[in-house]
Structure formats: structure tokens, C-alpha cells
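I have placed the structure first, in the form of C-alpha cells, so that the comments after it can refer back to it.
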Amino acid sequence: MKVMVRGQETFISTGGRAFDASGNVLLFLHGSGQSHLSFMLQGRFFANRGWQVLTPNMPAHGLSEGAALTSIEDMADWVAELLDVLNVASANVIGHSQGGLIGLELARRHSGKVKGLSQVATALAIPVNDALLGMAENKEVAAIAAMTDWGHGRDGHRHDHTMPGQDHMNYGKQLMAANETGALFADLTACANYAGGADAAAAVTCPCQVILAQKDKMTPVKFGLKMAQALKVSDPVIIAGAGHMLPSERPVEVNKALRQFFEVN
Amino acid sequence: MSGDYKFNTLGLHAGHTPDARFGSRAVPIHQTTSYVFQDTEHAAALFNMEVGGHIYSRISNPTVAVLEQRLAALEGGIGCVATSSGMAALFLTVLGLCSAGDHIVSSSQMYGANINLFEHTLSRYGISTTFVKPNDLAGFKDAIKPNTKMVFGEVIGNPGMDIMNVPEVGKITAAAGVPLVIDATFNTPWLFKPLEYGANIVIHSLTKWIGGHGIALGGAVIDGGNFDWGQNDRFPTLTEPHFGFQGVNLWEEFGPAAFITRVRTEGMYNIGPCLSPTNAFHLIQGLETLGLRMERHMANTVKMLDFLANHEGISWVKHPNLPDHPDHAIAKQLMPKGAGSIIACGIKGGRDAGRAFIENVQVASHLANVGDAKTLVIHPGSTTHSHITPDAMKAAGLTDDLVRISVGLEDFEDLADDFNAALRIAGKVAGAAK
């Protein structure tokens, strides 16, 4: 569906089902240079099981209009405005990578809107090296290729997909290429500049969950475990062999872990 | 691992991880029609495309999926659907994009069955086609209309070996907002990957070089995922509610995979030209050595071109590698490793001499296929076009002395001996006719 947020048309995937704001809402927040499509196998799974799914494209991503937002804090405020537009009082928030930083900040700045927080392949901070930032600014195609490479684990590199006939790496490249030029650089800059993760985690009061990828090269497990500690999550889920893009690489394990969390929160 | 694996590694490994229970190194043949559901929820999830897996082998199959994923990886596509033949791949592509009242722009120099499909079959269902010579760039531009849903051509045209300037045609189709669909059978991804040069969809007859053994028919549709189907309302099959999946908009729901999802969910569900698991297994065996075989195909082709060009029994030789081929420059640019292993040549003495040559080769096989590991020859003047007059053949771009050679992998000295002997007999026939 499409709604207006800050005067710009915003696309939100609802997992292929009509959305009912009075139901149990799951809000999926995508990572840097991604779109709703990186959560496609979560959105459809939960929407078909009675949850009300919202996977917005951040501005300049996927099918959403507008200029890319430039700070994690502003992205969190934008998400809060989106929930207001949709008359959603609160939601379970699932953040992947950069989406996890937004989730932390949303839980700190708009705590009443976050019923539960699922942090997937993310950390308290996501520093970005200058080489990648430079590529994202000046050679976006190369940055996309590098991130697609680093973002995938064994299954992605073997082109072994759970959906028959599909390809992780090439799909990932096309998904990222479909965003507005400059959106990736804005995202990575926002990640690089974000320093509020530890304070935000300390302020989080809702139930939290952490799902990590064992072979994550972009947000390594050790940083995810520090986040789990900060969020007082004693039982982080670590998916063996998975890369950073585990929502698409390992949807069965991710969905199982998310479902267990949602069913009690 | 840094970056994607290279061609031969992908050909051997892409799409397959040995299973945890048995660890079979080779891709197993899942010779089954259907799959046991874990429970009703699992069944519903599969039908809703919420989770990956298989329901019924007309729609997908584990062995076929390995082949599909391997082909997608080799071509640089986001997904693939394998089909029972190359013709089925072309038909499902048309089905995914076109409806009654729509229009196709196609190369005029290509496999006869492709032309027949467009000209005689699709026209009965209200889909019209404008044919354009493959190197007529202005012709492609001028032929695109508001209801044009795809532009189609072969990289290496069959049988004339005209070379389509894919990058330039791709610029035209991109500017016009129409997808470029390329049949890449004769080049294979080892020689040229159309998706890297402006094409949006690639189709293959897997029966030819990719299989290479001549034991299994198959085809494939590979989606580049690089076309914006939502840029306007030209593609309602992908941007309006789909009749399945609760009326979702495939473009919004699946993004770059919208088209290939349509091919599977309509083409395989409603038409059903599926590839058998055993054929998929055979084709995978071929794919695993494609890189090695193509090196040998091209090496033998170079030797054969030299042999034919210097043989007194041959009146002319046609191949895009040769400087006198009209598309030599573009062939060299697009396919520096060589423009395929099909050669056309003229046997001195015309139709009767051509027949004599064909009937006297011993190593080469006289049959109607191309891309086999074995060298194949056919003489249209005495077989497929035997009832057609020389003038009518000329109008079709053929001559009655034409022999088509699909150069195989034999030791070249044996091929040379074989051709020398057959050409000697053809020469006698030609001499007697004088």
C-alpha cells in the first residue's frame, strides 16, 4: 500500500495481505541500500499467519519517493510519523542491520510505539570504512557489488536459494540498484555517524530479541553479542553458517526465531 | 571467498549443497512428482510462496532447481525457470508479457520455429510481430509501438549467423521502455552474457551446447531482474493484481523477480512445459563441463575454418570470425573468444555434390541438431529444403550448395581426414555432372 509521509508517497509492503491497524502489527525495518524486498520471506510468512505486516521502503528506497534521510535519529522519527499516519499505536519492531539502529533509536525516542524489539544481524554501532563510503558516493555499482559479496554467506555464494530457481547475489544487486542513486551513500553515512546505540540500548524497556549470523562480515557476531548484553538478552540466536543477509539466506530459521518471540510478546 | 566464483567453478557448484543426510556429491535425481508436506500449515505456506520448497514437479523440482540456479548464476540472472525445450522457454516468455492486442518486435533472421511461433501461432491469438533485420538498429527503433511488449532476437542467428548488436539494441529498448529478450543458445554464457550488455531476459535451448551430449531436451528462461516493470502501465501482467496469491501485484511483491515469478506461477501452473528431473540431471552433467567444451569447440572451429577456406572442394565459407562476414566487427567486439561453432559453407558442385558430401562423412553425423560434442552436418538443399527451388532457397538466405557444420570436440585430424574423403567423393559427383 501507499501512504503519504512528510508529503512524499511511501510504499509499504503488507506481505500480500490487507492491513488492519487494530491487529498485532509487525514493523520490519530494512538495512542500508535495501528495501522491503529483503524481508519478503518474512512479510509473506507472518502476514499469512494473522499478523499485520508493515515493511516500509524508507524514502528514496524501493518504491518510496522523497530524498534519502541522513541520520538514524531522523529515520526513527520518520518511522514514528509513519505509524501515526497508519493509526498504529505500537508494533513489534524487527530491524535488520541499519534497520536495527533505527529500531534502537525508535525504542528510545518513541518508546510507546515499540512493543517488542527484534534485532537481526545488527549491533550498537555500524562503523563504515572510508573505502566503502567512497565507493558508495562515487562508484555505487562497485559498492553494491562489494556489499552483496560481503553480505552473503555460504548459501548466497553457492547460489543455493530456498526459493526454487532464485539467486541470492544477483537478486541482491538488482534490489539495491533499484533504489535512487545516492540512497546507499546516505544510509552508510548515517550508520557511520550514529553513536547513540549504547545509550539507546540502555534506555530500551520493551522485550528484546537478538538474531545473529555466524558468518556475518558486516556486523560481526562479537558486536551483536555486545548489543545483546546491552539489551539484556540472555539467549541470542546465532544461525550457523549464515551471512549478513540471513533474512533471505536463512528464512526458515529466522522466521522460527521471530515467531517464538512474537508468540509471547 | 571474495567476489563471485568464476565460470567453471559456478558450472560445477552453483545451486547445489550436498545434503546433510547422505552427502551425495553429485546432484541427486529427485524422480518424484510430488512432495510430502510436514503439516497443513507447511502446505499452505508453500502454496502461498511464504517459504521455499516444492509442491509438485510441474511447478518445481529439487534437481531442476539446481540446474535453474546454476544457469542463473552463470548468466548473472536473478532467477531461472527451466522448461521442457527452448521453444517452451520462448513461449512462456511471451505468455508472461503479452496478451491479445499486444505486439512484438523480432529479428527476422533466426530459427524457423521461432519465426513460425510469432508469425503463425501467436497471430491467431491476437499478438502481432514486426520482423526487423538483426543489424538494422533504426528498424528496431521504428518498429516499437505503444503496445510493444518485448523485442526479441538471437545473438548468433540461426542459420545465417547474423550477429545482433545487443548493446545497441539494448540502448534502444531501454529508451523505449521495452524489455530486450535474447536467445543465447548459440553463444552460451561462456562466449557472451547478454544480461551484462543491455538484455533483460535470456532464453536458452539447453539441448545444444549446454547439454552437449545430445541426450536430453531442455530450455530455460533467465530473468535479469534489471527491468523496471512499474515505470508505466505497459505491463499489466506484472503490475496489476495477479489471479493467484490473493491478487498481489507481482512487481510490488517480488520486485526484480516479478517476471520470473509470473513465468513459474502462470507458465508452469497453467501451461506446464516442465523439465523432467532426469533430463535436468543430464543437462547438469553437461553444464559442469561447458567451459572446457567451449574452449575445445572454439579451437576446433578455428582449425575447421582454416581447413575449409583452403580446400579446393569448398566454394565459400561463412562464419562471423571471418573478416569477410558482414557482422565480423561486432562479432569480434562482443565475442572475443569466437562467435560460436557453427559454420556454413558451400560444396562445389551444388545440390548433388552437397548430398554426396553429407552421405559420405563417417565421423561427422548427419542430423538435425547443433551444439553436440560430436560434429554434426546437415545439407538443407537435400533435406529440410529439398522441395524448394534454388531461387526460393536464395530468397530465404540459403543456397543449394550450403552445408551447415556444427563443429564438435573430436581430434581435428580425424575430422580433416573425414571431410577430405567426403569432399573427394563430392568432387567426383560435381565433375560427373559437368
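The values are calculated or read from the model by the stated rules, or taken from the named source; none is laboratory data. Please read these numbers as outputs of a predicted model, since none were measured by experiment. Using ideal geometry, Cβ is built from the backbone for each residue, glycine included, and neighbour counts are taken over all protein chains shown. Side chains included, ligands, DNA and RNA excluded: accessible areas come from the protein's heavy atoms. Shrake-Rupley method; radii C 1.70, N 1.55, O 1.52, S 1.80 Å.
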query: Name the pairs whose Cβ atoms lie under 7 Å apart, with the first residue in segment B:249-266 and closer than 12 Å to B:G79 by Cα and more than 10 Å from chain A (Cβ to nearest Cβ), the second open to solvent by less than 10 Å² (accessible area, probe 1.4 Å) and in a helix (DSSP H, G or I), and 6 or more positions between them or separate chains?
result: B:A258/B:L238; B:A258/B:L250; B:F259/B:G96; B:F259/B:L238; B:R262/B:G96; B:R262/B:L238; B:R262/B:L250
- request: Enumerate the pairs (first residue in segment B:45-59 and in the same structural domain as B:L275 (by TED's automatic domain parsing); second residue anywhere and charged (D, E, K, R)) with beta-carbon separation below 6 Å, excluding pairs fewer than 6 apart on the same chain, so at least 6 apart or on different chains.
  value: B:E50/A:R44
query: Got a number for residues in segment B:88-143 being more than 15 Å from the chain's Cα centre (by Cα), open to solvent by 50 Å² or more (accessible area, probe 1.4 Å) and in contact (Cβ under 8 Å) with a residue 40 or more places away in the chain?
result: 2
query: Residues in segment A:68-91 that are touching a residue at least 12 places away in the same chain (Cβ under 8 Å), over 18 Å from the mean Cα position of the chain (by Cα) and surrounded by fewer than 16 Cβ atoms within 10 Å (Cβ to Cβ): how many?
result: 3
Matching residues, segment B:34-66, being at the interface with chain A (Cβ under 9 Å from one of its Cβ atoms) and outside any loop (DSSP other than H, G, I, E, B): B:E41, B:A44, B:A45, B:P62, B:V64, B:A65, B:V66
message: Pairs needed: first member in segment A:10-34, within 10 Å of another protein chain (Cβ to nearest Cβ) and touching a residue at least 40 places away in the same chain (Cβ under 8 Å); second member anywhere, among the acidic types (D, E) and in a loop (DSSP other than H, G, I, E, B); C-beta distance under 8 Å; at least 6 residues apart or different chains.
response: none
- request: Determine if segment A:67-80 includes at least one residue that is within 12 Å of another protein chain (Cβ to nearest Cβ), within 18 Å of A:T181 (Cα to Cα) and in a loop (DSSP other than H, G, I, E, B).
  value: no
- prompt: Has segment B:24-42 got at least one residue that is within 30 Å of B:T173 (Cβ to Cβ) and at pLDDT 95 or above?
  reply: no
- request: For B:I215, state whether it is crowded, with 22+ Cβ neighbours inside 10 Å and within 25 Å of B:S85 (Cα to Cα).
  value: no
Filtered residue count, segment B:301-348, keeping only those that are open to solvent by 30 Å² or more (accessible area, probe 1.4 Å) and outside any helix (DSSP H, G or I): 14
message: Suppose we filter segment B:67-85 for residues that are open to solvent by less than 10 Å² (accessible area, probe 1.4 Å) and not in a helix (DSSP H, G or I); how many remain?
response: 7
task: Could you list, in sequence order, all residues of segment A:1-37 that are farther than 21 Å from A:K113 by Cβ, aliphatic (A, V, I, L, M) and surrounded by 24 or more Cβ atoms within 10 Å (Cβ to Cβ)?
output: A:L37
- request: Identify the single condition in (1) under 24 Å from A:M169 (Cβ atoms); (2) within 14 Å of chain B (Cβ to nearest Cβ) that A:I238 does not satisfy, given that it satisfies every other one.
  value: (2)
field: Restricting segment A:136-176 to residues that are β-branched (V, I, T) and more than 8 Å from every other protein chain (Cβ to nearest Cβ), the residue that is nearest to B:E50 (Cα to Cα)
entry: A:T148
task: From (1) assigned to a loop (DSSP other than H, G, I, E, B); (2) charged (D, E, K, R); (3) surrounded by 16 or more Cβ atoms within 10 Å (Cβ to Cβ), pick out the condition that doesn't hold for A:K232.
output: (3)
Unmet requirement for A:S38, which otherwise passes all of (1) of a type in the set (S, T, N, Q); (2) part of a strand (DSSP E or B); (3) closer than 22 Å to B:H242 by Cβ: (2)
task: Go through segment B:220-243 residue by residue and tally those that are surrounded by fewer than 17 Cβ atoms within 10 Å (Cβ to Cβ) and either under 26 Å from B:A88 (Cβ atoms) or facing another protein chain (nearest Cβ under 8 Å) (or both).
output: 4
task: Could you tell me whether B:P256 is outside any loop (DSSP other than H, G, I, E, B), of a type outside the set (D, E, K, R), touching a helix residue (DSSP H, G or I) at 6+ places or on another chain (Cβ under 6 Å) and farther than 30 Å from B:A45 by Cα?
output: no
- prompt: Just checking, which of B:G126, B:G76, B:G101 is within 14 Å of chain A (Cβ to nearest Cβ) and on the phi > 0 side of the Ramachandran plot?
  reply: B:G76
query: Can you tell me how many residues in segment A:175-195 are within 30 Å of B:H13 (Cα to Cα) and crowded, with 24+ Cβ neighbours inside 10 Å?
result: 2
Exclusive hit being hydroxyl-bearing (S, T, Y), more than 22 Å from the chain's Cα centre (by Cα) and at pLDDT 95 or above, set B:T278, B:T239: B:T239
message: Restricting to segment A:105-134, name every residue that is open to solvent by 60 Å² or more (accessible area, probe 1.4 Å) and part of a loop (DSSP other than H, G, I, E, B).
response: A:P127, A:N129
